[in-house]
Number of protein chains: 2
Amino acid sequence: MKHNRFSFFNFNHISLNLSLQNSKGFLYEEIALKIEQQIETGILAPGEKLTSVRKLSQQLDVSMSTAFQAYFSLENKGLIEARPRSGFYVRCQIQHRPVPPKKSITSKVPTEVNIDDLVSRLVGVSENKVEVPFGTARPDSRLLPTHKLNKTLLSVARNSEKEIIEYDFTSGNSFLREQLSFLSFNWGKNLMPEEIVTTTGCMEALNLSLRAVTKPGDTIAIESPTFYGVLQCIESLGLKVVEISTDPDTGICLDELETAITKQDIKACLVISNFNNPLGSCIPDIKKKELVQLLFKHNIPLIEDDVYGDLYFGSKRPITAKAFDEHGMVLLCSSFSKTLAPGYRVGWVAPGKFLNQIKRLKFMTSIASPSLQQMAIAEFIKKGEYTKHLKVLRSTFSRQVLLATQIIIKYFPEGTKVTHPKGGCFLWIELPGNINTLKLYYKAMEFNIEFLPGILFSTQKKFRNFMRISCSLVWENKAEEALKTIGQILLKELK
Amino acid sequence: MKHNRFSFFNFNHISLNLSLQNSKGFLYEEIALKIEQQIETGILAPGEKLTSVRKLSQQLDVSMSTAFQAYFSLENKGLIEARPRSGFYVRCQIQHRPVPPKKSITSKVPTEVNIDDLVSRLVGVSENKVEVPFGTARPDSRLLPTHKLNKTLLSVARNSEKEIIEYDFTSGNSFLREQLSFLSFNWGKNLMPEEIVTTTGCMEALNLSLRAVTKPGDTIAIESPTFYGVLQCIESLGLKVVEISTDPDTGICLDELETAITKQDIKACLVISNFNNPLGSCIPDIKKKELVQLLFKHNIPLIEDDVYGDLYFGSKRPITAKAFDEHGMVLLCSSFSKTLAPGYRVGWVAPGKFLNQIKRLKFMTSIASPSLQQMAIAEFIKKGEYTKHLKVLRSTFSRQVLLATQIIIKYFPEGTKVTHPKGGCFLWIELPGNINTLKLYYKAMEFNIEFLPGILFSTQKKFRNFMRISCSLVWENKAEEALKTIGQILLKELK
């Protein structure tokens with residue numbers, strides 16, 4: 001009996017595993033995590049009924065409330081569903097994944113970047129009204145603690161009118177740098193406030209970092225695919241790139257990177273380490289360590305973009321490559337634009353031994369960033385509100401990514417492959433055959449549906465049959481309908 | 001009799017001039033302006049007694065109140081002083097001026113810029129507590145409408161919480177661009193909102209402009225002396241410069257610029273057109289027109305920094321070179337950092353035909369600037385508060401510049417020459433003989449007095465016996481004492 005298999009075999013197994021760690025009984029998160037793993041690995045099949053809340057509480061010797069909480073958190077993630085007067089059922093699981101891009105890059109010479117024109121033609125459009133914005137990486141403001149954060153900002157503005165009208169330090173507001181220092185424990189690295197420079201968003205952090213460690217004409221190693229904004233930034237600085245293959249789960253391919261390093265004069269490496277844009281990959285800890293060591297061996301600085309790191313779906317935040325940086329060779333860049341307040345334009349960089357260069361470049365670029373938003377976010381963190389908000393946002397993104405996946409699998413043509421990210425808000429989709437997602441983009445825009453075609457994410461006109469769907473919007477009926485519409489366009493195309 | 005000469009000869013003259021324009025009698029500003037001109041030209045000598053308020057009102061057929069207002073406004077500017085129970089007296093006038101830098105530059109090859117190290121050693125220090133900050137260009141927050149502006153910001157933040165948490169347009173907040181469009185009438189150019197891109201301060205505007213019209217290795221023409229921040233910015237972008245001589249009154253020397261253009265491959269020209277930093281020069285309208293035409297003839301873009309343009313001491317704002325830009329070749333850059341709110345980090349650029357390049361570069365550099373401060377400043381302008389505030393600030397700076405000049409003339413060694421700016425907040429001082437102002441800088445810093453040594457304002461280690469004094473601080477006794485202290489150090493040095 002399925003029911004039995006679930007309730008006895010599996011939970012006994014959990015029981016054995018967990019009882020050693022926790023003599024006071026299970027936490028609901030532990031129970032939920034175990035069930036989630038069983039759904040992912042296929043032990044629990046879609047449509048299968050879960051054991052009742054009452055039985056679960058008896059079997060595991062936890063309160064009814066804990067059992068309910070476990071199920072509710074899984075329901076919230078979109079993994080299970082409650083059917084009226086019947087109980088909880090497994091919804092769906094993801095079986096399809098994209099193959100990683102073909103490994104045929106490092107034999108080529110470094111490429112000039114020439115993506116800006118294309119991006120401007122496509123992404124510029126989004127200043128207009130888009131009905132269903134699968135194209136944008138920023139969270140919809142309805143998913144943000146808009147009012148709460150604004151109240152904090154108002155109180156800071158009332159109490160610090162002198163501070164906010166004056167220039168702040170070039171290295172940034174000290175209150176925020178203190179709070180970032182506290183947060184850095186979660187990144188696996190205990191950073192001091194004076195090791196951090198705040199910036200006008202992560203984009204400025206990346207810009208300053210690239211300028212600190214390269215000069216025009218230099219070649220840098222990047223992942224393929226890579227966020228088009230990074231490519232534009234590289235282009236505007238007159239840098240060349242070598243694109244390195246990636247695995248959709250574990251990110252940049254180290255063997256290939258090593259080959260590139262030995263063949264080319266690589267001056268820096270840039271990765272989005274956790275929940276990559278667009279790939280969703282997360283470099284495992286051990287591989288992060290290897291990456292840092294490999295680059296250090298060749299005296300190559302690593303620019304690490306960790307802007308999605310706080311958006312993990314699992315139980316623990318992934319650490320950063322910076323955690324393994326013993327020699328100050330990692331420039332860790334991030335911001336609050338994907339998690340809390342895009343419009344506040346608050347980012348930062350922990351530049352290791354390049355601190356002085358970064359400070360000087362920051363001065364020459366914008367003197368300093370505005371204090372007010374920095375102080376408001378610092379206060380928000382200090383009050384514990386940021387952590388509280390992240391919990392909700394993670395659960396929302398996790399649920400929405402899963403819902404989108406389900407619809408894609410159901411309505412997109414046979415042979416569609418889709419990533420299964422463990423965090424962030426992106427799905428990277430490989431379409432079958434000769435589908436050109438740039439054409440698809442224009443067709444979808446006629447329905448006011450925006451996504452981003454794969455061609456934007458490489459310097460080599462690759463990924464023509466790939467697309468990026470961002471699930472950072474508010475999930476409404478029209479989001480589901482929009483995905484179905486894309487699916488219908490695709491089916492018509494393939495006929 | 002002096003008294004007679006003043007009251008009859010001069011005022012009859014005004015009377016003739018003005019009666020045509022104004023049949024209802026004089027405005028106090030007109031009377032004050034005329035007296036100011038007489039003080040400047042030496043018709044009224046220092047120490048001379050002015051006609052009494054009663055007589056002045058009778059002679060010009062204006063109310064006592066108008067006559068008093070005229071004298072008060074001159075007193076506020078530091079030009080005259082009231083002596084108890086005696087009347088108003090002329091204070092002092094400036095007779096000494098610096099010679100322009102020697103014209104020996106254009107025959108040289110373009111220079112690599114290498115100023116950043118020096119600036120960082122000196123200007124970085126000012127993050128610490130300086131007692132008397134003659135070194136800083138930003139107005140002291142006590143001279144700013146801190147509370148009033150903050151109230152505006154609070155009201156904007158309360159009413160627009162959704163707008164401020166979201167990304168704004170890359171080209172900037174539209175409300176602010178509308179207000180800038182209105183203000184642009186004062187700049188002699190009717191700019192449309194869509195011709196403007198807002199930035200994180202003027203420094204970002206200059207950065208984007210330089211990046212839009214040059215590539216690393218290019219040579220640009222700049223004034224000599226030039227603001228060190230501009231030199232740093234140029235250095236960080238890998239550009240070379242040709243320094244062009246300047247006149248302390250009328251700015252960049254056009255003959256020399258033309259020679260440079262014919263001899264070198266100049267890719268852009270950058271000037272601070274109005275109330276130059278550090279020189280205080282203001283390029284006359286006719287010369288601005290010639291400058292724009294000369295550059296257009298050679299297809300060279302002009303980057304115009306107008307950050308001090310609103311700080312005129314006379315009766316009318318100088319227009320910009322942009323006013324003569326018929327072909328979109330002038331990139332006009334400015335900000336509110338020197339006039340209203342340094343910490344708000346709000347600047348802008350009107351880039352002419354380089355609009356699209358600037359928008360793209362802005363996106364790649366920081367996506368967009370924060371909205372809140374832009375909206376607050378827009379509202380402040382709309383309410384007429386910005387104009388009101390500028391009136392007070394101009395009068396304060398005008399008075400302080402004059403007070404500083406008086407002390408410098410009195411206490412600095414014989415042979416000291418000092419500029420006589422018509423706006424802004426800087427005095428550019430040439431010291432006699434072999435005085436090294438870098439050494440003087442370190443000595444003054446022992447007394448917690450900061451100014452900037454001349455060597456910072458050129459790529460060629462020139463201006464070793466020059467210094468820049470900024471009068472944007474709050475003028476207190478200790479400011480006067482500090483200048484006297486510098487004078488004493490100098491006298492000791494010369495012995």
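Miscellaneous remarks
- Residue in region B:138-157 that is within 21 Å of A:Arg138 (Cβ to Cβ), open to solvent by less than 10 Å² (accessible area, probe 1.4 Å) and within 14 Å of chain A (Cβ to nearest Cβ) present: yes
- Candidate set: region A:303-317, residues that are in contact with a Gly (Cβ under 9 Å, 6 or more places away or on another chain) and hydrophobic (A, V, I, L, M, F, W, C); chosen: the one farthest from A:Ser209 (Cα to Cα): A:Phe313
- Pair list, Cβ < 8 Å and 6+ apart or interchain, from region A:367-391 residues that are facing chain B (nearest Cβ under 10 Å) and part of a loop (DSSP other than H, G, I, E, B) to residues that are surrounded by fewer than 24 Cβ atoms within 10 Å (Cβ to Cβ) and of a type in the set (Ser, Thr, Tyr): A:Ile367/A:Tyr167; A:Ile367/A:Thr170; A:Ile367/B:Ser337; A:Ala368/A:Tyr167; A:Ala368/A:Thr170
- Single match in A:Ile105, A:Ile80, A:Ile31, A:Ile43 (criterion: among the β-branched types (Val, Ile, Thr), open to solvent by less than 30 Å² (accessible area, probe 1.4 Å), modelled with pLDDT under 85 and more than 30 Å from A:Phe463 (Cα to Cα)): A:Ile80
- As a summary of the residue check, A:Glu178 satisfies the conditions (1) within 14 Å of another protein chain (Cβ to nearest Cβ); (2) open to solvent by 10 Å² or more (accessible area, probe 1.4 Å); (3) of a type in the set (Asp, Glu) except for the one numbered (1).
- Among the candidates A:Leu270, A:Leu302, residue that is closer than 21 Å to A:Phe457 by Cα and in contact with a Cys (Cβ under 6 Å, 6 or more places away or on another chain): A:Leu302
- Conditions (1) within 23 Å of A:Tyr441 (Cβ to Cβ); (2) modelled with pLDDT of 85 or more; number of the one not met by A:Glu127: (2)
- Filter result for A:Val330 (at pLDDT 95 or above, touching an Asp or Glu at 6+ places or on another chain (Cβ under 6 Å) and within 21 Å of A:Leu208 (Cβ to Cβ)): yes
- Pairing each residue of region B:33-44 that is assigned by TED's automatic domain parsing to the domain that holds B:Phe72 and touching a residue at least 12 places away in the same chain (Cβ under 8 Å) with any residue that is open to solvent by 60 Å² or more (accessible area, probe 1.4 Å) and polar (S, T, N, Q), provided the two are 6+ apart or on different chains, yields C-beta distances under 7 Å for B:Leu33/B:Ser315.
- Residue count for region A:122-137 satisfying the condition of being within 11 Å of another protein chain (Cβ to nearest Cβ) and among the charged types (D, E, K, R): 1.
- Scanning region B:325-366 for residues that are within 7 Å of another protein chain (Cβ to nearest Cβ) and open to solvent by less than 10 Å² (accessible area, probe 1.4 Å) gives B:Ala341, B:Pro342, B:Gly343, B:Tyr344, B:Arg345, B:Met364, B:Thr365, B:Ser366.
- Considering region B:158-172, and only residues there that are open to solvent by 10 Å² or more (accessible area, probe 1.4 Å) and facing another protein chain (nearest Cβ under 7 Å), the residue that is nearest to A:Glu161 (Cα to Cα) turns out to be B:Arg158.
- When every residue of region A:198-211 is checked against the conditions, at least one turns out to be within 9 Å of chain B (Cβ to nearest Cβ), touching a Leu at 6+ places or on another chain (Cβ under 9 Å) and open to solvent by 10 Å² or more (accessible area, probe 1.4 Å).
- Scanning region A:461-495 for residues that are surrounded by fewer than 16 Cβ atoms within 10 Å (Cβ to Cβ), within 24 Å of the chain's Cα centre (by Cα) and assigned to a loop (DSSP other than H, G, I, E, B) returns A:Lys461, A:Val474, A:Glu476.
- Residue selected from region B:216-271 under the condition on the phi > 0 side of the Ramachandran plot and within 14 Å of chain A (Cβ to nearest Cβ), by the criterion surrounded by the most Cβ atoms within 10 Å (Cβ to Cβ): B:Gly238
The values are calculated or read from the model by the stated rules, or taken from the named source; none is laboratory data. All values reported here derive from a predicted model rather than from experimental measurement. Cβ atoms come from the backbone with ideal geometry, glycine included; neighbour counts cover every protein chain shown. Surface areas here come from the heavy atoms of the whole protein model, side chains and all, with no ligands, DNA or RNA. Shrake-Rupley method; radii C 1.70, N 1.55, O 1.52, S 1.80 Å.
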